[in-house]
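The values are calculated or read from the model by the stated rules, or taken from the named source; none is laboratory data. Just so it is clear, the structure is predicted and the values come from calculations on it, not from any experiment. Note that we place each Cβ from the backbone using ideal geometry, even for glycine, and neighbour counts take in every protein chain shown. Just the protein is used for accessible areas: all its heavy atoms, side chains included, with ligands, DNA and RNA removed. Shrake-Rupley method; radii C 1.70, N 1.55, O 1.52, S 1.80 Å.
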Amino acid sequence: MGLGDAEIQGWLTVLADHLRRSIEEGEAPRPSAPVTHWEWHARFPELGQLLGGWFSQDMPDEFDHHDAAVEDYRGTTDLSLIAKVVGELRELGALGLDESECALAVAELGMEVDPPAPYSPGAWLALIAQRLG
């Protein structure tokens, strides 16, 4: 971390105080959207697999349309992972992101093609959750 032992000890003490207070008072920060590329993938790993693997720049060469890619995902992916991606899609939807934030989310998670017309990124993600759920 680039800190000396004394500085690390102080940082850990502050962190421990925050955790103790959170546990004792039952308060936790409100969920918010990830900020960095790493945070997006850590929080939504299976959604990153779906968007990065099935909706990369090669998607138009591999599938006739977006629905075909979703059906390929459904047909080649274990049911437990499909359930996980549906949960991640619902969690993402619960963040209440506006459309520009949804566009950023899908880009951070690896989607390199636009959603099919007439859908916005958020509406298309909701449709995928419905179809896979």
Seminar exercise, completed: Picked from region 74-114 (must be touching a residue at least 40 places away in the same chain (Cβ under 8 Å) and more than 16 Å from the chain's Cα centre (by Cα)), the residue least open to solvent (accessible area, probe 1.4 Å) is 113
Problem set entry | Candidates 57, 49 - the one that is of a type outside the set (Gly, Ala, Ser), closer than 25 Å to residue 85 by Cα and surrounded by 10 or more Cβ atoms within 10 Å (Cβ to Cβ) | 49
Problem set entry | Test result for residue 83, closer than 23 Å to residue 117 by Cβ and either touching a Leu at 6+ places or on another chain (Cβ under 9 Å) or modelled with pLDDT of 95 or more (or both) | no
Exercise. Since residue 21 meets every condition but one in (1) of a type in the set (Lys, Arg); (2) free of Cβ contacts under 8 Å to residues at least 40 places away in the same chain; (3) within 24 Å of residue 132 (Cβ to Cβ), which condition does it not meet?
Worked result: (3)
Exercise. Is it the case that residue 71 is in a helix (DSSP H, G or I) and free of Cβ contacts under 8 Å to residues at least 12 places away in the same chain?
Worked result: yes
